[in-house]
Every structure is written in structure tokens, then in C-alpha cells.
Amino acid sequence: MTSFAPEPAHVTELRRQLSRWVADRMPREKRREWDKAHTWDRALFKELAEMGLIGLTIPEEYGGQGEDIYAAAAVIEELCQGGPSMAGPFIHAAFYGGLNISENGSKEQKEALLPKLARGEMFLCYGLSEPNVGGDLPSVETRVTRDGDEIVINGAKRWCTGADWSDYIYCLCRSGGPEDRHGNLTFVLVPTDAPGVSMQPLEHANLRYTDSMDVFLDDVRLPASAIVGGPEKWNKGWEALAGRALDVEKIEITAVAYGIARAALEEAWTYAQERTQFGKPISRHQAIAHKLVTARTKLAACRHMLYHAAWLASEHMPCSVETAMAKLYVADTGVEIGLACQQVIGAYGLSDAYDIERNVRDLLGMPIVGGSSDIQKNNLARMLRL
């Protein structure tokens, strides 16, 4: 499908290669196995890493390809044609790790972590939400204190997806009193094997490439160099959270929503042309045709919103409004597309015989994860000065 401007030739070629790779290496039976086991294939991810794709968020001097957010979004979209099992780990390495450390890390952190992230040898997970904290992140209760040249962390984090196999938790902590909600926040890189770190899994219905985890931090003692950006970034966590990295984070999860919605529509589109009822393919029944072309129209609008925002981010142009709009629209519309496609496939759409059952589960979570639709509306109202 064409867009408002010709897609860069290197992205088109990237899509072609990934489309063949996903079709060959991620067949439906494997996708079903990974979803049921809440896991992903490490050997297969190594193949993906060897293509150099993780480096699309990492500067060349640290072993990356140079930042290309547009291309990275296209990678997520294409990987999602095979479900979240490769897109998820890609995001942990390229975005949670590569982008955040590139944007906010100290020179020492960049030198130590970015080459490993670019090679797919290291993963980060987020430690943002807590049992009492969801969308209101400035109210986090996990505390970090200074003790000479060390820091000590106490608290609990929730929905730390992939914490059981990630190397570090990108952890938001309160580093001062609650009276300065935005000024007393600090990000810390917490090694998942550090003394005092423990975790337990949380069952969840969507994006089952892994477990999500409750993480408990009990007197976790780390060097002050574990502060993201170095000790000089103490109490500067809000700047990192609300900066450019947040805009790109919205693009990343929007690319997941769009990719899964596209996969749902492609499956329903093919099914409707192959399934015969009342003497003709069901795609030739007006009720089915209308569902499909309406879904196709909505998907086209989603694509424009996603890649316009991705282009702005790639060009380092202001895009906070556009990324929030894209996350809001694509997440909500993706649910509509998924449910319509499930209706086209009918009873089979409720079984694991087709991908649509998993895709609908994944899409239902999109208005919630990565900044809920209601939070995006609140942020948009503020940014647009309502």
C-alpha cells in the first residue's frame, strides 16, 4: 500500500526480506506453540540479530546502523505478521535498551551496553508501573537513596514484562520527597541478578511472547554509576521519561498494534475468498465484503498516522502530539479491525486453528498498554491547551 510519500527504498527492501523470513521461519504451528508456552525462540532471535536490525536505534560508533525510527517501526510491523514472539524481544533490545541508552545513558553506559544490545546479546525491561501506580508515573513509590558512592533501592514493580530473562530493569524510582513529583525522580539500571532482586510471574492474556513479572527490590545496593546518565542525572528522571524517548516508545507500541491489525485483516481477507457458503465465496456476500473493505479503510488510516509520526521522529521534529494521536487512534481502531475480522472467520475465529484468536487477544490489550487511550486523551488535551 502506498503512503503520503514514497517509502525509502531501503525500508521497502527490508520489508521484502523480513516478509520472506517470517513466512519461512515463523509458521503457524510454531506461533501457536510459542503463544501457549509464553515463550520465544532464542536461536531464531539470534538469526534476526545477525541481520543487524537491532542497530536501527543505535549510533554507528557503538555498533549500530545509525538511528532510523521509520525503518525500526517497519521491522516491528513485519515481525508482527508472525505474532509478537520476535517483535517483543526486538523491542526489548532495540527500544527499551538501544534507544533509551542512546538517548539518556552516560558515556560509560553507552560504551558498555550499546554494542551488546546491537548484537542482540543483551535485553532491558521496563520497571515503571507499581502495585499502586499505573498511568500516574510521577507518583511512584519505589525509593532510591544515596549512601556514599552507592545507591540503595527498595520497593516493588509490576508488569515488568520479560524481567526473568532481561539483563537490566530500566527502573523509575523516587529519589526525594513526594512534594516535588517531577523533580525527585531518577532512573536506575538494576541488574536482574543483583542481590535483593526477586520476582514472580503474572498470568496475562495478550502479547504472550513471555511472562510479565512482579519484581521486588529489597535493599538492592548498586554503585552510583547505575544511575541512568550517571550520578549527575540524579533527580533528572522526569526529563528522560517525558523526552524524545517517550515519543518513540509510543511509535513502537503503535507499530505493534498496526502490525497485528494488518495480520488479522490479511488472514480474514484470504479466508473470505476461500470459504464458500450459499454457492459462492463469502467475500462476495455484501455483509462480508462491507466488513472487510471498512476494515481495510481503517487500516489505511492507521498506517498514515503511524508512519507520519515515525517520519517526524526520524527527522528529529516535534512529534509529541502526533505520536499520542497515533497511539490513541491505532490502538482503538485496531480493536475494531480485529473484532470485525474475527466475525468474518466465524466459529473458527474462536479456535486456535487460525491466528485471529491470538491476534484479537493481543489487540484487545492495545488501548491499555504503553499509555492507555484515556491517558493519551488527557495528554492531548493538555498539549492542545484545552
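The values are calculated or read from the model by the stated rules, or taken from the named source; none is laboratory data. These numbers come from a predicted model, not from an experiment. Reconstructed Cβ throughout: ideal geometry from the backbone, glycine too, with neighbour counts over all protein chains shown. Keep in mind that these areas ignore ligands, DNA and RNA; they rest on the heavy atoms of the full protein, side chains included. Shrake-Rupley method; radii C 1.70, N 1.55, O 1.52, S 1.80 Å.
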Exercise. Which of rounded, prolate, oblate describes the chain, given a ≥ b ≥ c as roots of the alpha-carbon gyration tensor eigenvalues and a/c under 1.5 marking rounded, otherwise prolate only if a/b is larger than b/c?
Worked result: prolate
For this session: Compute the normalised compactness of region 9-122: alpha-carbon radius of gyration over 2.2 N^0.38 Å, N being the residue count.
Result: 1.05
Exercise. Percent of accessible area on the chain owned by carbon and sulfur, 1.4 Å probe?
Worked result: 52
Seminar exercise, completed: If the chain between GLU108 and GLU61 were fully extended at 0.36 nm per residue, the gain over the current Cα-Cα distance would be 15.6 nm
Exercise. What does the accessible area per residue of region 130-176 come to in Å², with a 1.4 Å probe and no ligands, DNA or RNA counted?
Worked result: 40
For this session: Would you list, by chain and number, the lysines whose Cα falls below 22 Å from the Cα of LYS280, excluding same-chain residues fewer than 8 positions away?
Result: LYS291
Exercise. For the peptides 202-214, 52-64, 342-354, 271-283, what is the packing order when you average, over each peptide's residues, the other Cβ atoms within 10 Å and list the highest mean first?
Worked result: 52-64, 202-214, 342-354, 271-283
Exercise. For the chain, with the dipole built from +1 on Lys and Arg beta-carbon atoms and -1 on Asp and Glu ones, taken about the Cα centre, which of PHE95, HIS304, GLN65 lies farthest toward the positive end?
Worked result: HIS304
For this session: Calculate the dipole size of region 9-122 relative to its Cα centre from +1 charges on Lys and Arg beta carbons and -1 charges on Asp and Glu beta carbons; express the result in debye to the nearest 20.
Result: 480
Exercise. Among the helices of the chain (complete DSSP H runs), which have Cα atoms covering no less than 18 Å along the helix axis and a Kyte-Doolittle mean of at least 0.0?
Worked result: 244-274, 286-314, 320-345
For this session: Go through LYS46/LYS116; LYS36/LYS250; LYS110/LYS327; LYS110/LYS157 and tell me which ones have a Cα-Cα distance over 18 Å in this structure.
Result: LYS36/LYS250; LYS110/LYS327; LYS110/LYS157
Problem set entry | 5 angstrom amide H check on GLY230, placed H, neighbours 5+ away | SER106
For this session: Mind jotting down the distance between the C-alpha centroids of region 67-146 and region 14-33, whole Å?
Result: 23
Exercise. What ranking of TRP311, TRP165 comes out by heavy-atom accessible area, probe 1.4 Å, highest first?
Worked result: TRP311, TRP165
Problem set entry | Where N is the number of residues in region 243-384, Cα Rg divided by 2.2 N^0.38 Å | 1.15
Problem set entry | Signed unit charges on C-beta, dipole axis of the chain, positive-most listed residue VAL215, VAL152, LEU328 | LEU328
For this session: Report the charge-dipole magnitude of region 243-384 in Debye, nearest 20, computed about the Cα centre from +1 at each Lys and Arg Cβ and -1 at each Asp and Glu Cβ.
Result: 400
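Is region 208-259 best put as rounded, prolate or oblate by its Cα gyration tensor, with a ≥ b ≥ c the root eigenvalues, rounded for a/c under 1.5, and otherwise prolate when a/b is larger than b/c, oblate when not?
In terms of gyration-tensor shape, oblate.
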Exercise. Treating the beta-carbon of each Lys and Arg as +1 and of each Asp and Glu as -1, no other charges, what is the dipole magnitude of region 302-373 about its Cα centre, to the nearest 20 debye?
Worked result: 60
Exercise. Could you state the number of Å between the C-alpha centres of region 234-278 and region 319-386?
Worked result: 8
Problem set entry | Accessible solvent surface per residue of region 243-384, calculated while the other protein chains remain in place, 1.4 angstrom probe, Å² | 42
Seminar exercise, completed: For region 9-122, the per residue accessible area (1.4 Å probe, Å²) is 40
For this session: Find how much the distance from ARG382 to GLU266 grows on full extension, using 0.36 nm per residue of separation minus their present alpha carbon separation; answer in nm with one decimal.
Result: 38.1 nm
For this session: Along Cα→Cβ, 7 Å out, is where each label goes; now give me the distance between the ones at GLN200 and LYS46 in nm to one decimal.
Result: 3.5
Exercise. Any idea which of THR276, GLY134, CYS171 is furthest toward the positive side of the dipole for the chain, if Lys and Arg beta-carbons carry +1 and Asp and Glu beta-carbons -1?
Worked result: THR276
Seminar exercise, completed: Computed ³J(HN,Hα) along region 155-163: with the Karplus parameters 6.51/-1.76/1.60, θ = phi - 60°, integer Hz and x for glycine or proline, the list is x, 9, 10, 10, 6, 8, 5, x, 4
Exercise. Using modelled amide H (1.01 Å from N, peptide plane; none on Pro or chain starts), what sits under 5 Å from the amide H of MET213, excluding residues fewer than 5 places away?
Worked result: TRP159, CYS160, THR161, GLY162, ALA163, LEU202
